[in-house]
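The values are calculated or read from the model by the stated rules, or taken from the named source; none is laboratory data. Note that the structure is predicted; figures quoted are calculated from it, not measured. Methodologically, a virtual Cβ is constructed for each residue, glycine included, from the backbone with ideal geometry; neighbour enumeration extends over all protein chains shown.
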Amino acid sequence: MVDRVLKKAAPGDILLFHAGKKNTPAALEMILDRLLEEGYRFVTVGELIYPAPYTIDHAGRQSALSSK
């Protein structure tokens, strides 16, 4: 689990972990520590989502519209 998440993690990703799974607590600690070491920071979903106006590209990524 740890290797899979770390290989695919990218800026702007939302990581979802299921509570109550046997290996999640240990894996989560390792994943968060490693991502912090790599310079990632963690924010709430509300901070990650742009307020209107915005656009969503073909890959499902949300971007703020520039005001010109």
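With the structure loaded, tell me whether Gly20 is over 26 Å from Gln62 (Cα atoms), small (Gly, Ala, Ser), without any contact (Cβ under 8 Å) to a residue 60 or more places away in the chain and outside any helix (DSSP H, G or I) or whether it fails that test.
In short, yes.
Residues being within 21 Å of Val45 (Cβ to Cβ), modelled with pLDDT of 90 or more and of a type in the set (D, E, K, R): count how many of those fall in the stretch 3-28.
The number of residues fulfilling the criteria is 1.
Examine the stretch 33-45 for a residue that is aromatic (Phe, Trp, Tyr) and within 13 Å of the chain's Cα centre (by Cα), and state whether such a residue exists.
There is at least one residue in the stretch 33-45 that is aromatic (Phe, Trp, Tyr) and within 13 Å of the chain's Cα centre (by Cα).
In the stretch 46-59, what count of residues is obtained for those that are more than 14 Å from the chain's Cα centre (by Cα), small (Gly, Ala, Ser) and under 24 Å from Val5 (Cβ atoms)?
1
Filtering the stretch 1-17 down to residues that are exposed (fewer than 11 other Cβ atoms within 10 Å of the Cβ) and assigned to a loop (DSSP other than H, G, I, E, B), which residue is nearest to the chain's Cα centre (by Cα)?
Result: Ile14.
If I go through the stretch 23-51 residue by residue, how many of them are basic (Lys, Arg) and either surrounded by 10 or more Cβ atoms within 10 Å (Cβ to Cβ) or in a helix (DSSP H, G or I) (or both)?
1
Does at least one position in the stretch 53-68 carry a residue that is without any contact (Cβ under 8 Å) to a residue 40 or more places away in the chain, of a type outside the set (Val, Ile, Thr), surrounded by 12 or more Cβ atoms within 10 Å (Cβ to Cβ) and part of a loop (DSSP other than H, G, I, E, B)?
No - not one qualifying residue is present in the stretch 53-68.
When you go through (1) modelled with pLDDT of 85 or more; (2) more than 17 Å from Asp3 (Cβ to Cβ) one by one for Lys68, which number turns out not to apply?
(1)
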